[in-house]
């Protein structure tokens, strides 16, 4: 099987050293295996993504010596694909509309001192899960905005949970337990797909079979593996790497201007200097 991997940044800011580390792991692995390296832009958040950040991603990666296949897949060009997946899940009774606002959800959780928490924080209490079809119809008719949530319990019941697992590089098989995430959102009015759904489908449609990404996304893989099972999609091999931190041990983020590649280029760093920063610590 041909080795295919990818780097998939979101153009919501400038690339930083953490991005370079992730991209270099994927790029070097593909080169050593004689495989393919794909660049994808995860730009589903149309309110925060900017063309200037997209252009800077291309310039930074080219300056660092990476090359990639064309054309680059932009998720915002494929909302119809994700909508088709949502229709499949909805028709199987695995999705339901949630009319709760974030404020209402927070208030409901605050009223319950024993509210469960999962990898992404407090778990949605399921307020809209059991609304009758007639109530939903009235709220649809009234034009209330809503999100589409995965009915986690029902989704788990439709798969063989005992065989739901994924291969993690250097760790072996990992048994999946997506239940702690609760009824995750798979689409919103302002963002017609979620990261969970879009990344799972895109990796499959692009033939990605080796995924290199940060340890902060390890838990999300439990949800992605469930979606793969529900949608009959292949499961890649995963490598969740450690995160690059600043001098105070804080994880790098796009707000850390000093660590952005744009800033380092302006300071006069060479590309090989930047690569060494992430290769040798």
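Annotations
- In the set 73, 50, 40, 36, only one residue is under 30 Å from residue 260 (Cα atoms), in the same structural domain as residue 269 (by TED's automatic domain parsing) and surrounded by fewer than 15 Cβ atoms within 10 Å (Cβ to Cβ); that residue is 50.
- Selection over region 171-213 of residues that are at pLDDT below 95 and under 11 Å from the mean Cα position of the chain (by Cα) gives a count of 0.
- Search result, residues across region 238-266 that are modelled with pLDDT of 90 or more and in contact with a helix residue (DSSP H, G or I) (Cβ under 9 Å, 6 or more places away or on another chain): 238, 239, 240, 241, 242, 260, 261, 262, 263, 264, 265
- Only residues that are outside any strand (DSSP E or B) and more than 14 Å from residue 195 (Cβ to Cβ) were counted across region 12-53, and they come to 27.
- Filtered residues of region 119-135 (kept if in contact (Cβ under 8 Å) with a residue 40 or more places away in the chain and either in contact with a strand residue (DSSP E or B) (Cβ under 8 Å, 6 or more places away or on another chain) or over 20 Å from residue 89 (Cα atoms) (or both)): 119, 120, 123, 124, 129
The values are calculated or read from the model by the stated rules, or taken from the named source; none is laboratory data. Everything numeric here is computed off the predicted structure, so don't read it as measured data. Cβ: placed from backbone, ideal geometry, glycine included. Neighbour counts: every protein chain shown.
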